[in-house]
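Chemist: The structure that follows is given in the form of structure tokens.
The values are calculated or read from the model by the stated rules, or taken from the named source; none is laboratory data. Keep in mind that what you see is a predicted model, and the values were worked out from it rather than measured. Don't worry about glycine lacking a Cβ; one is built from the backbone with ideal geometry, like all the others, and counts go over all protein chains shown. Accessible surface is based on the protein model in full, side chains and every heavy atom, while ligands, DNA and RNA are left aside. Shrake-Rupley method; radii C 1.70, N 1.55, O 1.52, S 1.80 Å.
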Amino acid sequence: MRSIERVRLAADRLGLGVRILELEQSTRTAAQAADACGCPVSAIVKSMVFERADDGSLVLVLVSGAHNADLKKLKALFGCKLRPAKAEKVREQTGFAIGGVAPVGHVNPLPVYMDEILLDHERVWAAAGTPNALFAVAPETLREKTGARIIQVAD
Ligand code: 5CA
């Protein structure tokens, strides 16, 4: 199944109520995505996959485009070091290539955490499976439907 279709199906199943936009331009980076949507970069959701150092399991952290995840903070929160998962592992686990990882529709579901500052926006934009597809959603809806736990990922 195409990556976008997987996201659409998952979004429908969860009742996210979103419409996926496929754009001509690249939305591979948060800055490009913000340009394309005409939204602040802080309203872009970076769906980042991290690997736990203790058991090798993966977690998904939805990070605002305005933040770089602070690995020291994550270590304190998770009780072990986290490192960005290798590109190949991200693809295996989520079914998406880096630059298009969506917050839903993963091949293997993984625990989800969400940057608290995303909640400051009325709506946020997330990748929809490819580096030129996005959807807009109210952050509270995204939190509820993904079961994300709210965390502070940066100061
Ligand atoms: N479509 C955009 C906006 S929604 C997007 O997906 N942005 S992103 O930030 O979520 O995806 C790129 C992120 O993947 C980068 O912030 C970077 O932290 C991470 N990344 C890039 N290359 C690698 C790599 N080789 N291994 C692990 N993570 C990587």
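Chemist: Could you tell me whether Thr146 is more than 13 Å from the ligand (Cβ to nearest atom), among the polar types (S, T, N, Q) and within 27 Å of Val18 (Cα to Cα)?
Modeler: yes
Chemist: Is there any pair with a first residue in region 17-30 that is assigned to a strand (DSSP E or B) and a second that is away from the ligand (no atom under 13 Å from the Cβ) whose Cβ atoms are under 9 Å apart and which are 6 or more apart or on different chains, and what are they?
Modeler: Ile20/Arg8; Ile20/Ala11
Chemist: May I pose another question? Give region 42-63 a look and list any residue that's of a type in the set (Gly, Ala, Ser) and more than 10 Å from the ligand (Cβ to nearest atom), or say none.
Modeler: Answer for region 42-63, where residues must be of a type in the set (Gly, Ala, Ser) and more than 10 Å from the ligand (Cβ to nearest atom): Ser42, Ala43, Ala53, Gly56, Ser57.
Chemist: Could you please give the count of residues in region 1-41 that are near the ligand (Cβ under 10 Å from one of its atoms) and among the β-branched types (Val, Ile, Thr)?
Modeler: 3
Chemist: Against the definition (within 13 Å of the chain's Cα centre (by Cα) and among the β-branched types (Val, Ile, Thr)), how does Thr141 come out, yes or no? If you could, list the steps in order and put the result at the bottom.
Modeler: Working: within 13 Å of the chain's Cα centre (by Cα): no; among the β-branched types (Val, Ile, Thr): yes.
No.
Chemist: Next question. Can you name the condition, by its number, that Arg28 falls short on among (1) within 20 Å of Glu116 (Cα to Cα); (2) of a type in the set (Lys, Arg); (3) in contact with a Pro (Cβ under 6 Å, 6 or more places away or on another chain)?
Modeler: Every condition holds for Arg28 apart from (1).
Chemist: Another question, then. What is the residue count in region 88-137 for residues that are within 12 Å of the ligand (Cβ to nearest atom) and open to solvent by 60 Å² or more (accessible area, probe 1.4 Å)?
Modeler: Qualifying residue count, region 88-137: 4.
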